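Below is one structure; the comments refer to it alone.
The values are calculated or read from the model by the stated rules, or taken from the named source; none is laboratory data. Here the structure is a predicted model, which means the values were calculated and not measured. Methodologically, a virtual Cβ is constructed for each residue, glycine included, from the backbone with ideal geometry; neighbour enumeration extends over all protein chains shown.
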Amino acid sequence: MNTFVNAFLLTYAALFPIINPVGNAPLLLGLTRRYSEAERRRVVRGIAIYSFFLLLGSLVIGSHVLEFFGLSLPIVRIGGGIVVAAFGWELLNSGHSADDRAAAASPSPRAALDAFYPLTMPMTVGPGAMSVAVAIGSQRPTGLELSQILAQEGAAILGILAVSITIYLCYRYGEGLVAKLGASGSNVVIRLSAFLLFCIGIQIIWHGWQGLAPLH
């Protein structure tokens, strides 16, 4: 039981601050402001589902995929950090409001890919969260009994499920906060979130570069 609880808490505690669904909720609501309630609910549900499978794939097969292509975690962090920083920079310097930008980028709110890019990746589950999931999946201790291995794997998967449920709840019910902020307040929060997203991208790039430095 201790092995199960520890693995669950480790997975959830490692992923939650990086994904930061509470901080991303105003940004998502700004980007989907033109959507109807049913469309936004569908998109939020899609984001939660995509997030679960992205994190699960990173946990289970991420290390094997990187090994197959000869990639290292620092390289993935640098490449993903560039994507995150570019998205944050574009949103920060957009001449239009966040909802106008989302409408221009997504002609049809019902399109299935709207929930995946950029709302799920890189905004919600970026390279930082994926690299953490890969690291958790690749650091399985040896010499354990089969029951302990299954308990750790199950707990990690449940931790990812809990993170995905948290994402859904924060995105689904974050509208009350935005309503209290008003239009101008929401725009300030969205711009601030975009700046933080840009800084997160730079930080991910820096961590990737630091990971490469010992290799020189």
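Table: residues versus (1) closer than 14 Å to SER131 by Cβ; (2) of a type in the set (Val, Ile, Thr); (3) in contact with a helix residue (DSSP H, G or I) (Cβ under 6 Å, 6 or more places away or on another chain).
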{"site": "PHE8", "(1), (2), (3)": "no, no, yes"}
{"site": "ARG40", "(1), (2), (3)": "no, no, no"}
{"site": "PRO74", "(1), (2), (3)": "yes, no, yes"}
{"site": "VAL83", "(1), (2), (3)": "yes, yes, no"}
Check: From the set of residues in region 42-84 that are of a type outside the set (A, V, I, L, M), surrounded by fewer than 18 Cβ atoms within 10 Å (Cβ to Cβ) and modelled with pLDDT under 90, which is nearest to the chain's Cα centre (by Cα)?
Finding: GLY79
Check: LEU28: in contact with a helix residue (DSSP H, G or I) (Cβ under 9 Å, 6 or more places away or on another chain), under 26 Å from SER138 (Cβ atoms) and in contact (Cβ under 8 Å) with a residue 60 or more places away in the chain, yes or no?
Finding: no
Next item on the list: State which residue pairs qualify: first residue at positive phi and inside region 40-58, second residue surrounded by fewer than 17 Cβ atoms within 10 Å (Cβ to Cβ) and assigned to a helix (DSSP H, G or I) in any location, beta carbons under 6 Å apart, and separation of 6 or more residues or different chains.
Entry: none
Notebook entry, point to check: Within region 24-41, can you find the residues that are crowded, with 17+ Cβ neighbours inside 10 Å and in a helix (DSSP H, G or I)?
Noted result: ASN24, ALA25, PRO26, LEU27, LEU28, LEU29, GLY30, LEU31, ARG40
Next item on the list: Could you please tell me which pairs satisfy a Cβ distance under 8 Å, a separation of 6+ or placement on different chains, a first residue in region 8-20 that is within 15 Å of SER58 (Cβ to Cβ), and a second residue that is of a type in the set (Lys, Arg) and at pLDDT below 85?
Entry: none
